[in-house]
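The values are calculated or read from the model by the stated rules, or taken from the named source; none is laboratory data. Only a predicted model underlies this, so the values are computations on that prediction, with no experimental measurement involved. Cβ coordinates were reconstructed from backbone atoms using ideal geometry, including for glycine residues, and neighbour counts include every protein chain displayed.
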Amino acid sequence: MTTPLWDAPVAHEPVVGEVRVPGSKSMTNRALVLAALASGRSVLHRPLRSRDSAIMAAALRALGTSIDDSDETTWIVDGRSFTSAPTAIDVGNAGTVLRFVPAVAALANATVTFDGDPAVRRRPVGPLLDALRQLGTVIDDEGRGAAPFAVRGAGRVAGGRVELDASSSSQLVSALLLAGARYDDGVEVAHVGDRSVPNAPHLAMTVDMLRQRGVQVDASADRWSVTPGPILAFDTMIEPDLSSAAPFLAAAVVTGGRVSIRDWPATSTQPGAQLPSLLAAFGARSTVDDDGITVSGGETITGAQLDLRDAGELAPVLAAVAALASTPSRLVGIDYLRGHETDRLAALARELSALGADVREVDDGLEITPKPLHGNVFATYDDHRMAMAGAVIGLVVPGVQIENIDTTAKTLPGFAAMWRSVVDGQGATH
C-alpha cells in the first residue's frame, strides 16, 4: 500500500498566530498509572486524547481499572484490584506503556503478555525486566530483553533494592517508582550505568507527581527510593504538552514571525520548558506572562551548540531549525535517541541530507552544516517528532512532502489542520 504524502504548507510571510496545545502525554500517562494504583476515584482535567494515551487507557482497563473517558475534557478513573485472568496488552509504539505497565502488571495475579508495533520490539526494556526479576517477579522474554514478553504476576511484588542501567531511558526508573509504593517493601532504585540517566526532567516529573499523591520519595544522584504505602486518589489539571508546542514556536523562529502558546506554565518539570533558552541559542526572543509564552524570530537564525541530554524529544524540531540556520550547529547528549520510536539520529541525518543539508551523525548526536535546501519526500518512520520536524522545514522550503503526517496523532491529533491554520494566519486552538 502506498504511504500517503502531505504537501507541507509554505509560509509566504512571517508566521503570526496563537495556539493552545492539548495536555501533556507524559503527565497524562503518569496520572493514569497513578490513578489505577490509587485507592478511590481520581479525576483528570484536560488530559491528552491521543494514540499513546488511548493505548495506556486500554492497557490499564485490561488489568481491571475503570476509566471513563466519555467526556473529552474530564476523565474519571477508579482504582481497583487487578485482574486474575490471563491478559494480552498491545503497547503500540508507546514507550510509557511498554515500560510503565509491566511494573503494574506484576501486581496482578495473572500472566500478562506484552507486544506491539514492530518498531517497539527494538525499544530498550531489558533492564526493567531484569529489575522486576530482582524484585521477585517472574518474567518470560526468552532471553530477548525486549518485546514480546510475559509478566507472570503473583498478586504482589516483594520489592526492595534493585540495580539497573537506565542510561537508555529515564522511563526504566519511572516505571519502578510509579508502582513501587504498592510493593511490599517499596522500592529502592540505583542507576549503575556509565552515563547519567537521560531526560532528568521526566524523572523529576515522576517524583513530583508521586509526592502530590502522598507517596514518600527520596531522590539523590542516581538513586531513588519509594516507601510502601497508599497512593491517594486525586483531582488534577494536566499541563499543556510543551514538547508538542515546539514546532509551532519553531515556526516563528524560521520565518521571523511571532507565535504564542496559551497557558504556558510558569514552572514545569516537562523537558519542553527548556524551549525558551534553547530557541534563544538560535537567536529567538521569548516572553512569558500570565497568558502564556510568545516567541519571536530574529532577522537571521544563528547556529547553536546544544546539549540535549535532558530534552531529547525536542531534538528533531531543533535539528530542523539548525538546518535552516546561517552557521553550523552541534546537538549532543542524545545518543539514546537511537532507541526511540525510530533511530532518530539516523533518520534525521538521512532525511535532512536528502533535502540538501550537510548532516553528520556522531557518537552522541548530530553535526549540522546548513546548505541550500530543496524539496523532497521527508520520511517519518512512523515517528511523530520526525513529521513535526519535516513540517518546520516545509515552511521555508517549497516542495517538501511528508510521509504519513497522521503519525502525529501519537501525541497531537489534528496536527495537520492546526499547522495549516497557523501558517494561513488564522490562529489555531485545540
| query | Any residue at all in segment 297-305 that is in contact with a helix residue (DSSP H, G or I) (Cβ under 9 Å, 6 or more places away or on another chain) and without any contact (Cβ under 8 Å) to a residue 40 or more places away in the chain? | reply | yes
| request: Can you tell me which residue within segment 91-128, out of those that are of a type in the set (A, V, I, L, M, F, W, C) and in contact with a Pro (Cβ under 7 Å, 6 or more places away or on another chain), is farthest from Thr342 (Cα to Cα)? | output: Ala110
| Any idea which of (1) more than 28 Å from Pro271 (Cα to Cα); (2) outside any strand (DSSP E or B); (3) of a type outside the set (Val, Ile, Thr) is the one Leu172 doesn't satisfy? | (1)
| Would you say Ala319 is in contact with a Lys or Arg (Cβ under 7 Å, 6 or more places away or on another chain) and either at pLDDT below 95 or not assigned by TED's automatic domain parsing to the domain that holds Ser167 (or both)? | no
| query | Given the residues Ala158, Ala204, Ala190, Ala166, which is the only one that is in contact with a Pro (Cβ under 9 Å, 6 or more places away or on another chain), assigned by TED's automatic domain parsing to the domain that holds Ala131 and either under 24 Å from Val91 (Cα atoms) or modelled with pLDDT of 95 or more (or both)? | reply | Ala166
| request: Mind checking which strands (runs of 3 or more DSSP E) fall wholly inside segment 17-79 and carry at least 2 residues that are buried (at least 20 other Cβ atoms within 10 Å of the Cβ)? | output: 41-45, 74-78
| said: I'm checking my understanding of the structure. Among residues of segment 195-218 that are small (Gly, Ala, Ser) and under 16 Å from the mean Cα position of the chain (by Cα), which one is surrounded by the most Cβ atoms within 10 Å (Cβ to Cβ)? | reply: Ala204
| query | So which residues in segment 325-346 are of a type in the set (A, V, I, L, M, F, W, C) and surrounded by fewer than 24 Cβ atoms within 10 Å (Cβ to Cβ)? | reply | Ala325, Val332, Ala346
| query | Which members of segment 197-233 meet the condition of being of a type outside the set (Gly, Ala, Ser) and part of a helix (DSSP H, G or I)? | reply | Pro201, His202, Leu203, Met205, Thr206, Val207, Asp208, Met209, Leu210, Arg211, Gln212
| If you take the residues in segment 105-118 that are of a type in the set (Val, Ile, Thr) and surrounded by fewer than 24 Cβ atoms within 10 Å (Cβ to Cβ), which one is farthest from Lys410 (Cα to Cα)? | Thr111
| query | Do you know which residues across segment 329-346 are hydroxyl-bearing (Ser, Thr, Tyr) and within 18 Å of the chain's Cα centre (by Cα)? | reply | Tyr336, Thr342
| Any hit, segment 259-268, residues being in a loop (DSSP other than H, G, I, E, B), surrounded by fewer than 17 Cβ atoms within 10 Å (Cβ to Cβ) and in contact (Cβ under 8 Å) with a residue 40 or more places away in the chain | yes
| field | Residues of segment 146-163 that turn out to be over 14 Å from Val104 (Cβ atoms) and touching a Lys or Arg at 6+ places or on another chain (Cβ under 8 Å), as a count | value | 3
| request: Would you check if there is a residue in segment 268-282 being touching a helix residue (DSSP H, G or I) at 6+ places or on another chain (Cβ under 9 Å) and farther than 15 Å from Leu314 by Cβ? | output: no
| request: Could you tell me whether Asp289 is assigned by TED's automatic domain parsing to the domain that holds Gly17 and free of Cβ contacts under 8 Å to residues at least 12 places away in the same chain? | output: yes
| query | So which residues in segment 212-233 are out of contact with any strand residue (DSSP E or B) (no Cβ under 6 Å at 6 or more places or on another chain), over 17 Å from Ala103 (Cα atoms) and not aliphatic (A, V, I, L, M), if there are any at all? | reply | Gln212, Gln216, Ser220
| request: Identify all residues within segment 305-331 that are outside any helix (DSSP H, G or I) and within 24 Å of Asp241 (Cα to Cα); write none if there are none. | output: Leu306, Asp307, Leu308, Arg309, Asp310, Ala311, Leu331
